[in-house]
Amino acid sequence: MLFDMDGTLVDSEKLWDVALQELAQEYGGELSEDARRSIVGTAMAESMRILHDDLGQPERDPEISGAWINARILELFRTGLPWRPGAFELLRAVRAAGIPTALVTSSPRALVEIALDTLGRDNFDTVVAGDEVVAAKPHPEPYLTAARLLGVPIERCVAIEDSATGVASALASGAAVLAVPAEVALASTVGVRQTESLTGVDLEFLAALLTDRAAATG
């Protein structure tokens, strides 16, 4: 099992909203809704590029902006992270069944370490953070890396994502993909199952995703 973090397991996207809007205000502007939607699921460098362009300030240094966001998000994450509906129950069922499990996120390791206080470190056999891969989502590297670390063929993995960027990464990797939109609606995509929440998603549901994927790929 390969789980995305922000917006999939925990309802952290609202905290990112706070930090991004605060930075935009710091720069004398306001982040547009279109830009915010584009940022969901992207790595920090790309997120800052989108924010700078949206504010009409493309000359700004993405590393400086990214450092500001990381510092603010660290503060916000420490206030607590609520679970997304059904996420805790599904993760608990997966672990009880002894299924190898990875957390695959675009967030940097420093943020992930704080989130793991909520998620539980023992719930994951491995973690792939956004600053630990060469190519971030939507590239397939994060999911391929997670499958390799788990020692499981990617075609035997189910990836759960909430963003278009994450879905693209998981789909390109060859995993079976379940999309659970959080902040941004997702278009229907061939090869991707979509559900409103993880409530009611169980091991039988996940097994069916693998069966459907195998049938589709022959």
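The values are calculated or read from the model by the stated rules, or taken from the named source; none is laboratory data. It should be emphasised that the depicted structure is a prediction, and the values quoted were computed from it without experimental measurement. Here the Cβ positions follow ideal geometry from the backbone for every residue, glycine too, while neighbour counts run over all protein chains shown. These accessible areas exclude ligands, DNA and RNA; they are computed on the full protein's heavy atoms, side chains included. Shrake-Rupley method; radii C 1.70, N 1.55, O 1.52, S 1.80 Å.
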| query | Looking at segment 16-52, which of its residues are open to solvent by 30 Å² or more (accessible area, probe 1.4 Å), touching a residue at least 40 places away in the same chain (Cβ under 8 Å) and farther than 19 Å from THR165 by Cα? | reply | VAL18, GLU22, GLU26
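The rows are residues; the columns are (1) within 29 Å of THR217 (Cα to Cα); (2) aliphatic (A, V, I, L, M); (3) modelled with pLDDT under 95; (4) open to solvent by less than 60 Å² (accessible area, probe 1.4 Å).
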{"position": "ARG78", "(1), (2), (3), (4)": "no, no, yes, no"}
{"position": "PRO85", "(1), (2), (3), (4)": "no, no, no, no"}
{"position": "PHE88", "(1), (2), (3), (4)": "no, no, no, no"}
{"position": "VAL94", "(1), (2), (3), (4)": "yes, yes, no, yes"}
{"position": "THR101", "(1), (2), (3), (4)": "yes, no, no, yes"}
{"position": "VAL128", "(1), (2), (3), (4)": "yes, yes, no, yes"}
{"position": "ALA136", "(1), (2), (3), (4)": "yes, yes, yes, yes"}
{"position": "ILE154", "(1), (2), (3), (4)": "yes, yes, no, yes"}
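Open to solvent by less than 20 Å² (accessible area, probe 1.4 Å) and at pLDDT 95 or above: which single residue out of LEU9, LEU55 fits that description? If you could, list the steps in order and put the result at the bottom.
Working: LEU55 fails: open to solvent by less than 20 Å² (accessible area, probe 1.4 Å).
Exactly one residue qualifies, and that residue is LEU9.
Regarding ASP125, is this residue farther than 18 Å from LEU90 by Cβ and charged (D, E, K, R)? It would help to see each step written out before you state the result.
Details: farther than 18 Å from LEU90 by Cβ: no; charged (D, E, K, R): yes.
Taking the combined requirement at face value, the residue does not satisfy it.
Can you tell me which residues in segment 167-213 are among the acidic types (Asp, Glu) and within 26 Å of THR42 (Cβ to Cβ)?
Within segment 167-213, GLU183, GLU196 meet the criteria.
Criterion first (open to solvent by less than 30 Å² (accessible area, probe 1.4 Å), touching a Lys or Arg at 6+ places or on another chain (Cβ under 8 Å) and not hydroxyl-bearing (Ser, Thr, Tyr)) does VAL177 satisfy it?
Values: open to solvent by less than 30 Å² (accessible area, probe 1.4 Å): yes; touching a Lys or Arg at 6+ places or on another chain (Cβ under 8 Å): yes; not hydroxyl-bearing (Ser, Thr, Tyr): yes.
For VAL177, the condition - open to solvent by less than 30 Å² (accessible area, probe 1.4 Å), touching a Lys or Arg at 6+ places or on another chain (Cβ under 8 Å) and not hydroxyl-bearing (Ser, Thr, Tyr) - is met.
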| Taking the condition within 20 Å of PHE88 (Cβ to Cβ), in contact (Cβ under 8 Å) with a residue 40 or more places away in the chain and open to solvent by 70 Å² or more (accessible area, probe 1.4 Å), does GLU183 pass? | yes
| segment 136-155 residues that are farther than 19 Å from SER107 by Cβ, paired with ones that are open to solvent by less than 20 Å² (accessible area, probe 1.4 Å) and assigned to a helix (DSSP H, G or I) (beta carbon under 6 Å, 6 or more apart) | ILE154/ALA147; ILE154/SER173
